[in-house]
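First up is the structure itself, then whatever we jot down about it.
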Amino acid sequence: QVQLVESGGGLVQPGGSLRLSCAVSESIFSIYTMAWHRQAPGKQRELVAIVTSSGSSDYADSVKGRFTISRDNVKNMVYLQMDSLKPEDTAVYYCKATRRGIGYWGQGTQVTVSS
């Protein structure tokens, strides 16, 4: 069973930055597609950013130019650097690992953007 543990969430003012981290307990981490999703109150969970095993990345239009996803295949970590945060970025952020159509989720970390 793959386990994922997110960290780095918190309260930040609009325009601020946060860096989320996700630790993955999988020795073959490098072959997994990794992603960050988020779910705001009363809304469906949505994909925020994704990075493949080869390092290709993509983003939701709402975060392009502000968020950056990265991975460290030595440390089994994936990160989400979030800059220029807006109140509408407030949500629980989840890390997901996918391989051969099977997905594993972390427990989530709360991000609140408010003055």
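Observations on the structure shown:
- Qualifying lysines (Cα of each under 18 Å from Cα of K64; at least 8 residues distant if same chain): K86
- Cβ-based net charge around M82, under 11 Å, with every Lys or Arg adding one and every Asp or Glu removing one: +2
- Carbon and sulfur %, accessible surface of the chain computed with the full protein complex present, 1.4 Å: 47 percent
- Coarse-grained scattering of the chain at q = 0.24 Å⁻¹, given as base-10 log I(q)/I(0) from a Debye sum over alpha-carbon atoms: -1.43
- Selection among S7, G101, S70 by position relative to the dipole of the chain gives G101 as farthest towards the positive end (Cβ unit charges, Cα centre).
- Over all Cα atoms in the stretch 1-54, the spread is summed up by Rg and Dmax: 13.4, 38 Å.
- Kirkwood's formula applied to the C-alpha pairs of the stretch 44-102 gives a hydrodynamic radius of 12.7 angstrom.
- Sorting W105, W36 on solvent-accessible area from highest to lowest, probe radius 1.4 Å, gives W105, W36.
- Assigned charges on the beta-carbon of Lys, Arg, Asp, Glu; the chain dipole about Cα centre (debye): 140 debye
- Dipole of the chain, positive end: most advanced residue of Q39, G16, S53 [Cβ charges, Cα centre]: S53
- Per residue accessible area of the chain, 1.4 Å probe, in Å²: 53 Å²
The values are calculated or read from the model by the stated rules, or taken from the named source; none is laboratory data. Keep in mind it's a predicted model, so treat the numbers as computed, not measured. When we count neighbours, we look across all protein chains shown, and the Cβ atoms used for this are built from the backbone with ideal geometry, even at glycine. Quick note on the areas: whole protein, heavy atoms, side chains included, nothing else; ligands and nucleic acids left out. Shrake-Rupley method; radii C 1.70, N 1.55, O 1.52, S 1.80 Å.
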